[in-house]
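Undergrad: Quick one: the structure is below, and I'll ask about it shortly.
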Amino acid sequence: MSPRTLNARNRLLESARDVIRAQGFAATSVDDLCKAAGVTKGAFFHHFRSKEELGVAAAEFWSETTSELFAAAPYHQPKDPFDRLIAYLEFRKELLAGDLPQITCLVGTMTQETYDSAPAIRDACHASISGHAMTLVDDIGAAMRMHGVTGVTPESLALHTQAVIQGGFILAKAQGSADIAADSIDHLIRYIRLLFNKPAPEETPQ
């Protein structure tokens, strides 16, 4: 493909990322996406046979681009894997700055709308969410071994972090404010500190 053709496809994927987060998958038309991307419908159907195919590609694009963001994030720096896990959650709080459509999750939004009607999109969204969760497993497992935590698996705790974060996005949309999502992450941090018997410094008895 020529650079111009590739650019049109990327513009459609970037538009899908932004428009679907703002108004939902069902309410987003091909015309909406073409207008936002500045391309013709012919260009759209050159790259995607349907809106559903675009939805699958958008979920994969979301995974690729967010993976780059998280791979370069500073929460990887602490030496203690427990500290890295807490730093990850604090980083997720930092990402809540901005307007709701820009801070919420594309694949979480699409999952809620398409889990029954569009299995291909649902599966792509599941791969994205669970795939991101699995990036936490090594640190969680190392922290559990270091601090003697048993009774849960690293995989289940990693998925629980995403359940809380995705639930926080839903509550934020319902209330029109990201504050509840930040509160949810704070509660998750408290739970993990209790699980690992690692109170925050200000909570440590003197």
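The values are calculated or read from the model by the stated rules, or taken from the named source; none is laboratory data. Not measured: the values here are computed from a predicted model. Backbone-built Cβ (ideal geometry, glycine too); neighbour counts: all protein chains shown. Please note that ligands, DNA and RNA were not included when accessible areas were found on the heavy atoms of the full protein model with its side chains. Shrake-Rupley method; radii C 1.70, N 1.55, O 1.52, S 1.80 Å.
Undergrad: Given the condition over 20 Å from the mean Cα position of the chain (by Cα), in a helix (DSSP H, G or I) and more than 22 Å from ALA174 (Cβ to Cβ), answer yes or no: does some residue in segment 16-31 qualify?
TA: yes
Undergrad: Here's something else I'd like to know. Going by the conditions given, is ILE185 in contact (Cβ under 8 Å) with a residue 40 or more places away in the chain and part of a helix (DSSP H, G or I)?
TA: Numbers: in contact (Cβ under 8 Å) with a residue 40 or more places away in the chain: yes; part of a helix (DSSP H, G or I): yes.
It is true that ILE185 is in contact (Cβ under 8 Å) with a residue 40 or more places away in the chain and part of a helix (DSSP H, G or I).
Per-residue answers, yes or no, for (1) in contact (Cβ under 8 Å) with a residue 12 or more places away in the chain; (2) assigned to a helix (DSSP H, G or I); (3) open to solvent by less than 60 Å² (accessible area, probe 1.4 Å); (4) closer than 23 Å to LEU159 by Cα:
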site: PHE44; (1), (2), (3), (4): yes, yes, yes, no
site: PHE61; (1), (2), (3), (4): yes, yes, yes, yes
site: ARG84; (1), (2), (3), (4): yes, yes, yes, yes
site: GLN102; (1), (2), (3), (4): yes, yes, no, yes
site: GLU113; (1), (2), (3), (4): yes, yes, no, yes
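Undergrad: Count, please, the residues in segment 114-156 that happen to be over 20 Å from LYS79 (Cα atoms) and not small (Gly, Ala, Ser).
TA: Of the residues in that region, 15 qualify.
Undergrad: Within segment 160-179, work out how many residues are in contact with a Leu (Cβ under 9 Å, 6 or more places away or on another chain) and either within 20 Å of ASP80 (Cβ to Cβ) or open to solvent by 40 Å² or more (accessible area, probe 1.4 Å) (or both).
TA: Residues in segment 160-179 being in contact with a Leu (Cβ under 9 Å, 6 or more places away or on another chain) and either within 20 Å of ASP80 (Cβ to Cβ) or open to solvent by 40 Å² or more (accessible area, probe 1.4 Å) (or both): 5 in total.
Undergrad: I need the full set of residues from segment 86-100 which are surrounded by fewer than 16 Cβ atoms within 10 Å (Cβ to Cβ) and either touching a strand residue (DSSP E or B) at 6+ places or on another chain (Cβ under 8 Å) or charged (D, E, K, R) (or both), in order please.
TA: Matches in segment 86-100: GLU90, GLU94, ASP99.
Undergrad: While we're looking at this one, here's another question. Report whether or not ALA26 is within 30 Å of MET146 (Cβ to Cβ) and open to solvent by 20 Å² or more (accessible area, probe 1.4 Å). I'd like the intermediate steps shown before the answer.
TA: On the way: within 30 Å of MET146 (Cβ to Cβ): no; open to solvent by 20 Å² or more (accessible area, probe 1.4 Å): yes.
No; evaluated as a whole, the condition is false for this residue.
Undergrad: I'd like to verify a number: residues in segment 46-59 that are outside any helix (DSSP H, G or I) and in contact (Cβ under 8 Å) with a residue 24 or more places away in the chain, how many?
TA: At the first step, the residues of segment 46-59 found to be outside any helix (DSSP H, G or I) are 48-50.
Filter once more, keeping what is in contact (Cβ under 8 Å) with a residue 24 or more places away in the chain: 48.
Total satisfying the criteria: 1.
Undergrad: Another one. If I ask for residues that are open to solvent by 40 Å² or more (accessible area, probe 1.4 Å) and assigned to a helix (DSSP H, G or I), which ones from segment 134-159 would you list? It would help to see each step written out before you state the result.
TA: To start, the set of residues in segment 134-159 that are open to solvent by 40 Å² or more (accessible area, probe 1.4 Å) comprises 134-135, 138, 145-148, 150-153, 155-156, 159.
Scanning segment 134-159 gives MET134, ASP138, ARG145, MET146, HIS147, GLU155, SER156, LEU159.
Undergrad: Continuing with the same structure: Within segment 70-82, how many residues are surrounded by 15 or more Cβ atoms within 10 Å (Cβ to Cβ) and either part of a helix (DSSP H, G or I) or touching a strand residue (DSSP E or B) at 6+ places or on another chain (Cβ under 8 Å) (or both)?
TA: So the answer is 4.
Undergrad: Taking only segment 86-112 into account, find how many residues are over 14 Å from the mean Cα position of the chain (by Cα) and modelled with pLDDT of 95 or more.
TA: Pass one, segment 86-112, residues over 14 Å from the mean Cα position of the chain (by Cα): 86-87, 90, 97-99.
With the extra rule that they be modelled with pLDDT of 95 or more, the set shrinks to 86-87, 90.
The qualifying residues number 3.
Undergrad: Being open to solvent by 10 Å² or more (accessible area, probe 1.4 Å) and either at pLDDT below 95 or closer than 18 Å to ALA71 by Cβ (or both) is the filter here; which residues of segment 118-133 pass it?
TA: Of segment 118-133, the ones open to solvent by 10 Å² or more (accessible area, probe 1.4 Å) are 119-120, 122-124, 126-132.
ALA127, SER128, ILE129, SER130, GLY131, HIS132, listed by residue number.
Undergrad: Could you please let me know if ALA36 is surrounded by fewer than 16 Cβ atoms within 10 Å (Cβ to Cβ) and not hydroxyl-bearing (Ser, Thr, Tyr)? Give the derivation first.
TA: Working: surrounded by fewer than 16 Cβ atoms within 10 Å (Cβ to Cβ): no; not hydroxyl-bearing (Ser, Thr, Tyr): yes.
Judged against the criteria, ALA36 is not a match.
Undergrad: For segment 169-193, how many residues are basic (Lys, Arg) and under 20 Å from VAL149 (Cβ atoms)? Spell out how you get there, then give the answer.
TA: First pass over segment 169-193, keeping only residues basic (Lys, Arg): 173, 190, 193.
Still in the running and under 20 Å from VAL149 (Cβ atoms): 190, 193.
Of the residues in segment 169-193, 2 are basic (Lys, Arg) and under 20 Å from VAL149 (Cβ atoms).
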